[in-house]
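The values are calculated or read from the model by the stated rules, or taken from the named source; none is laboratory data. These figures come from a predicted structure and were not determined experimentally. Don't worry about glycine lacking a Cβ; one is built from the backbone with ideal geometry, like all the others, and counts go over all protein chains shown.
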Amino acid sequence: MLVAIKWCAHALCPGPKGRSSVVDVEIGTRLGPLPCSQPHCETSGEEDLGVRTRMGMCLSPNIVFFPDQDNYKELFGALDNAFLVAYAIGMFISGIFGERLPLRYYLSGGMVLSGLFTALFGLGYFWDIHVLWYFIIMQVCNGLVQTTGWPSVVACVGNWFGKGKRGLIMGIWNSHTSVGNILGSLIAGIWVSSKWGLSFIVPGIIIAAVGVACFFFLVEHPDDVGCSPPLHHVMSEEKDPEGVTSDDGPLGTSGHSSTEHLESPKEPSEEPEAISFLGALRIPGVVEFSLCLLFAKLVSYTFLYWLPLYIVNVAHFGAKEAGDLSTLFDVGGILGGIFAGLISDYSGGRATTCCAMLVVAAPMLFLYNRIGQTGIGTSIAMLIVCGALVNGPYALITTAVSADLGTHESLKGNAKALSTVTAIIDGTGSVGAALGPLLAGLISPTGWNNVFYMLIAADVLACLLLARVVVKEVRGWCGYMARKRGSSVQLTESVLDGK
């Protein structure tokens, strides 16, 4: 029940990723539609604007998208970037408030406000508003209030599930990101060719309703309902590679037992203080994973915004077919997030799992650009594989890794760091989300090959930024295996001596 509420809370959170890119097409018509019999019918804006849709909505047969301004692409880009930049900036602040306010109130309030601003965006259609600044202000306000969501839901899930199976559970739960992208496009597509304002008003009402449900039913901590809190450090010093070499942290101690970590938050005498922004940055691994996510999210969001256009231009599919194919990237993201969580739980190496997937992703991106459009079967397979390899590390870092670092051993059981750590990591990643589509727009006129070279370079940089943490994990595994072999030799010698 708890996971379902949090899954719905973020899956239905409206943003520009699905609805806005679909409705950009219809907004263009309001700038000056022409009858289809006009000579511009075959070429004026229909192809360019049609591929902006995530689901590739069919264009109305009696409407041609012919904006009265030559810079319509820049105007639509301003709407998208207004949300992404506001979200990235607000995320760094949001985690600090989330650590100091009741998460139930904070999350519910943010969802209701998000629904309000989303609906106000759509009401611009019915109020006949043609001022660009109105829509930009709504996007900025929406981006800011939506920053209450991610730190809150990750903190709540982290409070309920320990480290042992956290990767798998959060990998399954994180499917809401891709499902939300697909649902957003589907909901928007219902009214996009008739009354595009409803494509925002209806999702706004839905997210506000889910926010009210969270207010009444969300339980922040297991203690609130008499349940035992989870073990955040189930691995011993020998098994946890990060714990073996985490002595470089500000309070790094790897000798505390799981019992000590379990009991320390339950001391009734003193309430632990929320960690500061700089204190969160000092937690070992936060900086590395944050910078890695910047480049990983850059690649993911570039695909999110530009993949339909790439498919149309390179594979010469229609707008609808390109939109349908682009959703397979999100399907791969669901599988990749679950796979990454499962492997990292089994191996105990979050960074190594991310790095391995990023290493494989680089050549797969190259192959997709070279041979991915040779046939429909190849395109489907490559999109799913690329989606899994690109979004797998992204999903793992924003969920299980954020929860692990927010309950790091150096905090000595202080759980009031989850929101701040999650906000820092996702906020840094959101900078990449804003930069990726922008860079793709600047580079694409020079050729799609250069866009993919940029994505491959970002993927390699994301991998390199995790090198230090990967080395620590590998050293931990080597030390564990050496101690295990030593114990086996001692056991064998003692058995022989006994004989």
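Observations on the model:
- Gly348 meets all of the listed conditions (1) at negative phi; (2) touching a residue at least 12 places away in the same chain (Cβ under 8 Å) but one, namely (1).
- Scanning region 377-399 for residues that are among the hydrophobic types (A, V, I, L, M, F, W, C), touching a residue at least 40 places away in the same chain (Cβ under 8 Å) and more than 20 Å from Gly432 (Cα to Cα) gives Ile380, Leu383, Ile384, Val385.
- Scanning region 345-354 for residues that are at pLDDT below 90 and not charged (D, E, K, R) turns up Tyr346, Ser347, Gly348, Gly349.
- Residue check for Val359: touching a Leu at 6+ places or on another chain (Cβ under 6 Å), more than 15 Å from Leu307 (Cα to Cα) and modelled with pLDDT of 85 or more: no
- The residue that is surrounded by the fewest Cβ atoms within 10 Å (Cβ to Cβ), counting only those in region 207-223 that are under 22 Å from the mean Cα position of the chain (by Cα) and β-branched (Val, Ile, Thr), is Val210.
- Restricted to region 132-214, the set of helices (runs of 4 or more DSSP H) holding at least 3 residues that are of a type outside the set (Ser, Thr, Tyr) and under 23 Å from Phe92 (Cβ atoms) comprises 132-145, 149-160.
- Any pair with Cβ under 6 angstrom, 6 or more apart, that starts in region 287-310 at a residue that is more than 14 Å from Gly427 (Cβ to Cβ) and ends at one that is among the acidic types (Asp, Glu): Val299/Asp459
- Among the candidates Gly110, Gly143, Gly180, Gly167, residue that is surrounded by 24 or more Cβ atoms within 10 Å (Cβ to Cβ) and within 28 Å of Leu325 (Cα to Cα): Gly143
- Any hit, region 259-275, residues being under 22 Å from the mean Cα position of the chain (by Cα) and modelled with pLDDT of 70 or more: no
- Flag for Leu328 being closer than 25 Å to Ala188 by Cβ, under 20 Å from the mean Cα position of the chain (by Cα), part of a helix (DSSP H, G or I) and in contact (Cβ under 8 Å) with a residue 24 or more places away in the chain: yes
- In the set (1) more than 30 Å from Gly336 (Cα to Cα); (2) part of a helix (DSSP H, G or I); (3) at pLDDT below 50; (4) of a type outside the set (Lys, Arg), the condition left unmet by Asp247 is number (2).
- Boolean, Phe289 is within 20 Å of Gly432 (Cα to Cα), touching a Phe, Trp or Tyr at 6+ places or on another chain (Cβ under 7 Å) and either crowded, with 18+ Cβ neighbours inside 10 Å or at pLDDT below 85 (or both): no
- Answer residue from region 68-83, given it is out of contact with any Asp or Glu (no Cβ under 8 Å at 6 or more places or on another chain) and modelled with pLDDT under 75 and is surrounded by the fewest Cβ atoms within 10 Å (Cβ to Cβ) among those: Asp70
The rows are residues; the columns are (1) touching a helix residue (DSSP H, G or I) at 6+ places or on another chain (Cβ under 8 Å); (2) part of a helix (DSSP H, G or I); (3) not hydroxyl-bearing (Ser, Thr, Tyr).
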position	(1), (2), (3)
Ile311	yes, yes, yes
Phe317	yes, no, yes
Thr352	yes, yes, no
Arg370	no, yes, yes
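- Residue list for region 340-360, filter: more than 23 Å from Leu461 (Cβ to Cβ) and either of a type in the set (Phe, Trp, Tyr) or surrounded by 24 or more Cβ atoms within 10 Å (Cβ to Cβ) (or both): Gly341, Tyr346
- Condition met for Gly109 (in a helix (DSSP H, G or I) and closer than 19 Å to Ile397 by Cβ): no
- Residue in region 84-106 that is in contact with a Pro (Cβ under 9 Å, 6 or more places away or on another chain), over 24 Å from Cys214 (Cβ atoms) and buried (at least 21 other Cβ atoms within 10 Å of the Cβ) present: yes
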